[in-house]
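> Starting off with a structure, shown below.
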Number of protein chains: 2
Amino acid sequence: MLRTHTCGELTIKDLGKEITLTGWVQKSRDLGGMTFVDIRDRYGITQLAFNSDDDADLRAKARELGREFVISVKGTVIERSSKNLKIATGEIEIKVSKLDILNPAKLPPFLIEDETDGGDDLRMKYRYLDLRRNPVRNNLVLRHKMAQEVRRYLDGLDFIEVETPVLIKSTPEGARDFVVPSRMNPGEFYALPQSPQTFKQLLMVSGFDRYFQIVKCFRDEDLRADRQPEFTQIDCEMAFIEQEDILNVFEGLIKNLFKNVKGIDLGEVPRMQYADAMRLYGSDKPDTRFGMQFVELTEVVKGADFPVFDNAELVVGINAKGCAEYTRKQLDELTDFVKRPQVGATGLVYCRYNNDGSLKSSVDKFYSEDALKKWAAAFGAEAGDLMLVMAGPAEKVRKQLNELRLEMGNRLGLRDKNTFAPLWVLDFPLLEWDEESGRYHAMHHPFTSPKPEDISLLDSKPGEVRANAYDMVINGTEIGGGSIRIHDRELQALMFKHLGFSKEEAQKQFGFLMEAFEFGAPPHGGIAFGFDRLVSIFAGLDSIRDVIAFPKNNSGRDVMIDSPSTISEEQLKELSIKTSN
Amino acid sequence: MLRTHTCGELTIKDLGKEITLTGWVQKSRDLGGMTFVDIRDRYGITQLAFNSDDDADLRAKARELGREFVISVKGTVIERSSKNLKIATGEIEIKVSKLDILNPAKLPPFLIEDETDGGDDLRMKYRYLDLRRNPVRNNLVLRHKMAQEVRRYLDGLDFIEVETPVLIKSTPEGARDFVVPSRMNPGEFYALPQSPQTFKQLLMVSGFDRYFQIVKCFRDEDLRADRQPEFTQIDCEMAFIEQEDILNVFEGLIKNLFKNVKGIDLGEVPRMQYADAMRLYGSDKPDTRFGMQFVELTEVVKGADFPVFDNAELVVGINAKGCAEYTRKQLDELTDFVKRPQVGATGLVYCRYNNDGSLKSSVDKFYSEDALKKWAAAFGAEAGDLMLVMAGPAEKVRKQLNELRLEMGNRLGLRDKNTFAPLWVLDFPLLEWDEESGRYHAMHHPFTSPKPEDISLLDSKPGEVRANAYDMVINGTEIGGGSIRIHDRELQALMFKHLGFSKEEAQKQFGFLMEAFEFGAPPHGGIAFGFDRLVSIFAGLDSIRDVIAFPKNNSGRDVMIDSPSTISEEQLKELSIKTSN
């Protein structure tokens, strides 16, 4: 090693030791006849001292060091006169006897500090410099620790990590595939996996019993909302289990991660029916760090000749505790919030339950104080509260009120990043109606099993069939989801039929899986966690981008290496393709 | 869980327990009024007993079970009358009280036994059935264990596992890339990584200090000789190190794997110069399980008017101990072996050192017994030995003799799969001449640093410049290789120049890396191990195919899922490409 110690380990116990350190110049400052240089590596920072009285040439050399120069120093550990007790090495410094510049550095385009002056674009172009910053590197160290811990836990439960192929087959179901032209099979393409779904099911057919993989997956989607074209899943599958077993094992995984990585005892994870989540929170991934559950007022408010409520399928609201004294301006902000195109509501009705016990609403023209008392009773509101009410088509208004609820949670400081509220959401619908294609799609994927008692509804009321499907949600973010799978050829064929596959299409795309089910497929199910998202929640970040070493931007570009890029005509020719743009 | 126990865990200690087992019917047999069924899962096999006297209906049902049916049974653990002490569960059986068929099975196309009757093609098409066989599943369990152990070792040494991107940039250097058309950037392509080389170097520039990753890599090569288009590397890099540090850390990794996975103490790994490996074994990956080193005879044999030797650049041979009594037929076989097109020699000269002390060669016309004694002295041969000699251009004849040496090792049983001879090969040449392109190529890759003392030879004798590059070899197979990297922009630019890159090409392809070197790049180096190959050596297999869950065939096809395949016109249009075959 070019060093005897790292920049994070020397302490008062090492006084007098002759050592060699290597690292980057963090900063330097002159003080009288002395120059002090902070040398940094991944492990910490150590102060170097150069004294003109000892060696004027050496000190002069030290004064020429620029930020981010890579240096090697030999010297002796001595006690510091002015100690910094905030860092491990803060009681000592190095009296330097030899200084070598291993590599000089140009001035970085932004500060390599915890708080940087670099904008997003610059930081992405020079990602290798951004990664020098503690907060960014710490995210990746956290990611590493979490990955090791996941493996340790699952390995301890006899799960086997199996690598499934990356070059697979394109299937139109689901999101868009990335494809890879095959040179050896002209005109044919591989696809990159959106998930190892069919392979992990085949491993269950193979008797692997318990499988997992931390694995890259790919989706060629438009990159709105913090998505990446390549992302990482903790992908798991078990055989001879029921839903309850999956919930227990993977609740254990998440609790274990919180315990061993963050030192947090998560407690038992509550469970909620999908239907209840939609009714009480207007979302299949409710943020349960705070209450503010939906209260339905449709029957309470009808018949007062207020057409907005009278004509509405659903009138529903939330009670913002202690917000009765919101100003007109604040209330206008909330109305503007729900009217934004992203939320899309037509308006917002409020009702103050004043501290003096009086009630005052924005629809006093239609509702007397006595009528408003009935509202308050329905909300369980008390003096000092603010009731916020919306009306419209049930599904739509619930989604809008969900946005308002989250906004109120933010305003009231109820969404603390250091509080973690996990939740299982259970019994998702099997199918969801897709307006665009005018048919039902699998809400989870086509391999999810319907609840046996609901199979009879497949023809008559497909939208009401519930699936053996579950999501884990933390703080309003879906971090994982899975299902008990179909393991019977006939039922799988029935599902494909209901999803609009012709027999030929089903056979072409998934014939191998249906055939596998005929050779002794065990009951099985599984789950996949979004690893990037899970790490970002552990790191207290809103974006997954900073838990990924080399992310892509919203156009799917890596601006650091400037990819994607054109390829040569020879390459295109070998691959038997032409560009047609 | 649908079971209370696995099929591998019940023993005599569990007598009397009421249990539920699930698994596959391995086989069944009738014996008087009894039917015995072996039920199998990943963990083992347990015998089920059905007695007509107890329940005739149940026994009748058991008789209808076919091979590979998935069943669930409830019953009581009882002592077996005829014990099988070879298996853990061999002293007990289950007196079954309830039998459920969870899924019937068609008759598999080949036997699910350790020795199967299935040919390669059939096994690949029904890979999910092949994976049920113990030897195949055990390979993947071994692979899992090795991966966990690699991570445990490196994590313990402060290495951080960082996921590098899969969608990167195509670079013509090296093997052919797989490419991925970008929908969002029409006419542009990502490439799949042949290795994370540049990213791991950037991580060193970022100060990550110690990086590793077990990662899929991709090469679009013609799939001769046990190659796969996607393969897995243990990819590692360290900063502030010298070659010696890399050798120590990763010798430790391999020793640790042998110790903890196979219980073998590997001892210290010997080291050999590349030049010596070529001279003594004719190979940069010598199989050192046995000696039989090359002996150069050029000077000894010259001047006897035997033109083949007189005109040869090199005359070189091996001494096959104890083979003096090889028959004429055996010697002809060896001659035929070296004349095969794959070896390409023109002939083979032999010299028997008979047990009676006399010497007899195939070139007695030119060499007297006294002359042959000089051969024997050069070989250190004794009575009973057989000297095998070849002649020709030095490089070519060494390669040919290498093949003969390995063949003799096989014939003499010197290449036992349970003996492990590791070796470091050091100081590889930096460049190698490529006949086809008429220029030098990087032997390792363009980022490998030349030995400082050899840099001055770059212009005059490029072929003689040695690199700080090293391979680890086990039993004649290269399992890993690496180098100390260039970390200086000027030297990297010089390397690109010598590899025939124009300034513009170098900038377009690797500008980001050269720029990164200007912002404070530390000295660094690394290594990558071929994980598939390493597992296959641990498993005692010749092919990597059986340590990969879902491998591709020699045309790069996955015959199970039938991939690659055509994609729709809409997909092509969205991607702005056309097929041109």
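> Would you order A:Arg132, A:Arg271 from fewest to most other beta-carbon atoms within 10 Å of each residue's own beta-carbon? Spell out each step's value before the answer.
Details: A:Arg132 25, A:Arg271 14.
With the fewest neighbours first, A:Arg132, A:Arg271 line up as A:Arg271, A:Arg132.
> So if each residue of separation counts as 0.36 nm, and I subtract the Cα-Cα distance between A:Arg340 and A:Arg489, what length gain in nm does that give?
Between A:Arg340 and A:Arg489, full extension yields 48.9 nm more.
> Taking the alpha-carbon centroid of each part, what is the distance from region A:502-581 to region B:287-308 in angstrom?
Comparing the Cα centres of region A:502-581 and region B:287-308, I get a distance of 56 Å.
> Next question, about the same structure. With viscosity set to 1.306 mPa s and temperature to 10 °C, compute the Stokes-Einstein D of the protein assembly as shown, Rh being the Kirkwood radius across alpha carbon pairs; µm²/s, no decimals. If you can, show how the numbers build up before the last one.
On the way: Rh = 34.5 Å.
Diffusion coefficient, whole number: 46 µm²/s.
> Sticking with this one: Magnitude of the Cβ-charge dipole of region A:290-411, K/R +1 and D/E -1, about the Cα centre, nearest 20 debye?
Working: 16 positive and 18 negative charges, 58 e Å.
It works out to roughly 280 debye.
> Relative to the compact globular guide of 2.2 N^0.38 Å, what is the alpha carbon radius of gyration of region B:290-411, as a ratio?
Against the compact-globule rule of thumb, the ratio is 0.96.
> Calculate one ³J(HN,Hα) per residue across region A:534-539 by plugging θ = phi - 60° into the Karplus curve 6.51 cos²θ - 1.76 cosθ + 1.60, and present them in order as whole Hz with x for glycine and proline.
So the J values, rounded to whole Hz, are 4, 5, 5, 5, 4, 7.
> Specify the angular offset, from 0 to 90 degrees and rounded to the nearest 10, of the alpha carbon long axis of helix A:394-411 from the longest principal axis of the alpha carbons in chain A.
30
> Next question, about the same structure. Report the GluC sites (Glu not before Pro) located in region B:224-314 that are in a DSSP loop and have at most 15 other Cβ atoms inside 10 Å of their Cβ, or state none.
In loop regions of region B:224-314 (DSSP not H, G, I, E or B), the sparsely surrounded GluC sites (Glu not before Pro) are B:Glu242, B:Glu268, B:Glu313.
> Another question, then. Once phi is turned into θ = phi - 60°, what whole-Hz ³J(HN,Hα) does the Karplus curve with 6.51, -1.76 and 1.60 give for every residue of region B:242-251, x standing for Gly and Pro?
So the Karplus estimates, Gly and Pro as x, are 10, 3, 4, 5, 4, 4, 5, 4, 8, 4 Hz.
> Order these by the 10 Å Cβ neighbour count, fewest first: A:Asp385, B:Asp276, B:Asp222. All intermediate terms of the calculation are to be shown ahead of the outcome.
Details: A:Asp385 20, B:Asp276 15, B:Asp222 12.
Lowest to highest Cβ neighbour count: B:Asp222, B:Asp276, A:Asp385.
> How big is the gap, in Å, between the Cα center of region B:371-415 and the Cα center of region A:18-90?
If we compute the Cα centre of each part, the gap is 61 Å.
> Please list the equivalent ellipsoid semi-axes of region A:128-186, computed as the square roots of five times the alpha-carbon gyration tensor eigenvalues, in descending order and whole angstrom.
Listed largest to smallest, the semi-axes of region A:128-186 are 32, 23, 12 Å.
> Something else now. With a cut-off of 8 Å between alpha carbons and a minimum separation of six or more residues, what is the relative contact order of chain B in percent?
Working: 1078 pairs, mean separation 71.5, N = 581.
It rounds to 12 percent for chain B.
> Roughly how many nanometres apart are two label points built 7 Å out from the Cα toward the Cβ at A:Glu464 and B:Thr419?
7.6
> Right, something else. Using the 10 angstrom Cβ neighbour count as an exposure proxy, how do B:Trp424, A:Trp24 rank, fewest first?
B:Trp424, A:Trp24
> Taking Cα atoms, how many degrees apart are the long axis of helix B:503-516 and the longest axis of chain B, rounded to 10 and kept between 0 and 90?
With rounding to tens, the tilt is 60 degrees.
> Also, quick follow-up: What lysines could a cross-link reach from B:Lys497, if we take a straight Cα to Cα line under 26 Å and drop same-chain neighbours fewer than 8 places away?
A:Lys106, A:Lys125, B:Lys169, B:Lys200, B:Lys451, B:Lys461, B:Lys508
> For A:Pro135, go 7 angstrom from Cα along the Cα-to-Cβ vector, then report the distances to that same point in the other copies in nm, smallest first.
5.7
> What value, in deg cm²/dmol to 500, does the helix sum -39500 (n - 2.57) over DSSP H runs of n ≥ 4 give at 222 nm once divided by the residues of chain A? Walk me through the numbers on the way to the answer.
Working: 17 runs with 165 residues, N = 581.
Only helices count here, giving -8000 deg cm²/dmol.
> I would also like to ask the following. Given labels modelled 7 Å from the Cα in the Cβ direction, how far is it in nm from B:Glu64 to B:Asp158?
About 6.8 nm, to one decimal.
> Also, quick follow-up: Mind listing which GluC sites (Glu not before Pro) in region A:80-180 are in a DSSP loop and have 14 or fewer other Cβ atoms within 10 Å?
Answer by residue number: A:Glu113, A:Glu115.
> Right, another one. Skipping prolines and chain starts, which residues have an amide H placed within reach, meaning under 5 Å, of the one on B:Lys27, given they are 5 or more residues away or on another chain?
Amide H to amide H, under 5 Å and 5 or more residues apart or across chains, B:Lys27 pairs with B:Asp38.
> Suppose every K and R has +1 on its Cβ and every D and E has -1 on its Cβ; what is the size of the dipole of region B:424-563 about the Cα centre, in Debye to the nearest 20?
Roughly 180 debye, rounded to the nearest 20.
> Now a separate question. So how tilted is helix A:369-379 from the main axis of chain A? Cα-based, degrees 0 to 90, rounded to 10.
60
> How far is the Cα center of region B:101-135 from the Cα center of region B:239-256, in Å?
Cα centroid to Cα centroid, the span is 42 Å.
> From the P(r) of region A:12-103, can you give the percent of Cα pairs sitting at distances over 20 Å?
Of all Cα-Cα distances in region A:12-103, 26 percent exceed 20 Å.
> Can you list the GluC sites (Glu not before Pro) in region A:364-436 that are in a DSSP coil and have 14 or fewer other beta carbons within 10 angstrom?
Here the GluC sites (Glu not before Pro) that fit, given the DSSP loop and packing criteria, are A:Glu382, A:Glu435, A:Glu436.
> Distances in nm, one decimal, shortest first, from A:Ser358 to the same residue in every other copy, taking the label point 7 angstrom along Cα→Cβ.
In nanometres, ordered from closest: 13.3.
> Now a separate question. Measuring label to label, 7 Å along Cα→Cβ, what does A:Met1 give against each other copy in nm, shortest first?
Relative to the other copies, A:Met1 has label-point distances of 4.4 nm.
> Using modelled backbone amide H atoms (1.01 Å from N, in-plane), which distant-in-sequence or interchain residues come within less than 5 Å of A:Ile92's amide H?
A:Arg80
> What is the ratio of the Cα radius of gyration of chain B to 2.2 N^0.38 Å, with N the residue count, to two decimals? List each step's numbers first, then the result.
Numbers: Rg = 30.1 Å, N = 581, 2.2 N^0.38 = 24.7 Å.
Ratio of Rg to 2.2 N^0.38 Å for chain B: 1.22.
> Also: Can you compute the charge dipole magnitude of the protein assembly as shown about its Cα centre, using +1 on each Lys and Arg Cβ and -1 on each Asp and Glu Cβ, nothing else charged? Give it in debye, rounded to the nearest 20. Write down the numbers at each step before the final one.
Details: 154 positive and 184 negative charges, 147 e Å.
Roughly 700 debye for the protein assembly as shown.
> From the phi angles alone, apply the Karplus equation (6.51, -1.76, 1.60; θ = phi - 60°) to region A:359-364 and give each ³J(HN,Hα) in whole Hz, x where the residue is Gly or Pro.
Listing the rounded values in order: 10, 9, 10, 7, 10, 4 Hz.
> Calculate, for B:Thr298 and A:Thr566, the FRET efficiency according to 1/(1 + (r/R0)^6) with r their C-beta to C-beta distance and R0 45 Å; round to the nearest 0.05.
Computed FRET efficiency for B:Thr298 and A:Thr566 comes out at 0.25.
> Report, by chain and number, residues whose modeled amide H sits under 5 Å from the one on B:Thr20, excluding near sequence neighbours (fewer than 5 apart, same chain).
B:Thr4, B:His5
> In addition: Which of the listed residues, A:Phe306, A:Gly380, A:Phe290, is farthest toward the dipole's positive end in region A:290-411, when Lys, Arg count +1 and Asp, Glu count -1 at the beta-carbon?
Working it through, the farthest residue towards the positive pole turns out to be A:Phe290.
> Run the simple label-point estimate for B:Leu15 and B:Lys83 please: 7 Å along Cα→C-beta, distance reported in nm.
1.0
Every read-out reported here was derived from the displayed coordinates using simple, explicitly stated rules and does not represent laboratory data. In this text the structure is predicted, and so the values were computed from the model without any measurement. Every residue, glycine among them, receives a Cβ derived from its backbone with ideal geometry; neighbour counts consider all protein chains shown.
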